[in-house]
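So the structure is just underneath, and the comments pick up after that.
Taken together, the values in this text are just the output of simple stated rules run on the coordinates, not laboratory data. Quick caveat, the model's predicted, so the values are computed rather than measured. For neighbour counting, all protein chains shown are included, and Cβ atoms are generated from backbone atoms with ideal geometry for every residue, glycine included.
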Amino acid sequence: LLLPMGLLVSTLLVGLVIWVSRQRLSPEKELAIAIRKREFVVHYQPIIDLSNGRCVAAEALLRWRRPDGRWIGPDLFIPLAEETGLISPLTDLLIERVIEDQAALLRADRDLHISINISARDLESGRFLPVLTEAVTRSGVAPSQIWIEATEQGFIRAEIAAGAVEAARAAGHMVAIDDFGTGYSSLSLLQGLPLDALKIDKSFVEAIATDAATSVVTPHIIDMAHGLKLRIIAEGVETREQEAYLRAAGVRLAQGWLYSHALPASEFATFHQDRKVQGGGASARRARAR
Ligand code: C2E
Ligand code: MG
Ligand code: MG
Ligand code: MG
């Protein structure tokens, strides 16, 4: 009896020490450890072609799954990663995960794309591009199947940004400006950058068909994007009314809860398969219901 008791006590003690030490870690340390331990998964939010209801792409969205089972959203850890320089290894991990999750599907459907979020610091350092190129080449995915999106913040230092965008496009990727309209100096930035696409922030989609002051702005963003020959992706589409408005305004691509939340890789594969055949089958309905 003594031996198992001793074992039990020492196990509890070791557990306690680990628990206490984890409690005392700074958020930065915790994040660094989590990256080293690869505690991140990627969920995929379908992007729909409004002209035929097909799923033509997905946005890769990181989630931190802690060992205690708690999920932490990117709004909490991405800013921390950006402040501390941990974004670079995190972006490497993102690229690795996306290729691991999606290479087979991307090889099987050359018309499918995955869009990844790249931070301002990634754009500045440029380090993500050789990592991405290596991963794409190794896995037999076409570079054109990986889209890159970065917020206006990423494009503020215009000379650096233009070079980074050029390099990414030269490598075959489509580059989009994300959350358009939420930052500042949007208009002057747009003229100077060799972009392919613009993502309308969900606040402007939300304002459609309401009397919010923002609703006046939405058609101008769309017109301007068309004028600049940019592809448009509307984000945060939640209602049929918003969808109808966007389609009528000539917006081709959309994502949002109307179609699906971000899905784990295997569920996205089912959703995509469904949406290839018709404008949404059983799994699409399930995804909407989540
Ligand atoms: P984002 O790039 O603008 O991503 C869209 C966000 O809107 C996602 O939140 C998504 O879940 C949410 N969303 C999608 N559809 C709807 C809708 O119909 N209604 C509403 N209300 N929300 C919707 P999430 O996943 O929490 O991501 C938050 C932000 O974190 C992202 O905003 C992006 O800026 C950043 N982020 C996520 N993953 C990464 C990553 O891998 N790298 C970097 N650098 N940033 C990331
Ligand atoms: Mg994004
Ligand atoms: Mg947004
Ligand atoms: Mg966005």
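Structure values in brief
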quantity	calculated
Residues of segment 107-125 classified as away from ligand 3 (no atom under 16 Å from the Cβ) and either over 27 Å from Gly163 (Cα atoms) or crowded, with 16+ Cβ neighbours inside 10 Å (or both), total	12
Close pairs (6 angstrom Cβ cut-off, 6 or more residues apart or separate chains): touching a residue at least 12 places away in the same chain (Cβ under 8 Å) in segment 192-216, within 15 Å of ligand 1 (Cβ to nearest atom) and of a type in the set (Gly, Ala, Ser) anywhere	Ala197/Ala176; Lys199/Ala176; Ile200/Ala234; Asp201/Gly181; Lys202/Gly236; Phe204/Gly181; Val205/Ala234; Val205/Gly236
Contacts under 8 angstrom Cβ, first residue in segment 108-131 being on the phi > 0 side of the Ramachandran plot, partner surrounded by fewer than 21 Cβ atoms within 10 Å (Cβ to Cβ) and among the aromatic types (Phe, Trp, Tyr), 6 or more apart	none
Output for segment 7-44, where each listed residue is farther than 19 Å from Leu90 by Cβ and in contact with an Asp or Glu (Cβ under 9 Å, 6 or more places away or on another chain)	Arg22
Residue match in segment 41-57 (condition: in contact with a helix residue (DSSP H, G or I) (Cβ under 8 Å, 6 or more places away or on another chain), farther than 28 Å from Glu243 by Cβ and loosely packed, with under 13 Cβ neighbours inside 10 Å)	no
Among the candidates Glu149, Glu159, Glu166, residue that is within 16 Å of ligand 2 (Cβ to nearest atom), more than 16 Å from Asp92 (Cβ to Cβ) and either surrounded by fewer than 15 Cβ atoms within 10 Å (Cβ to Cβ) or touching a residue at least 60 places away in the same chain (Cβ under 8 Å) (or both)	Glu149
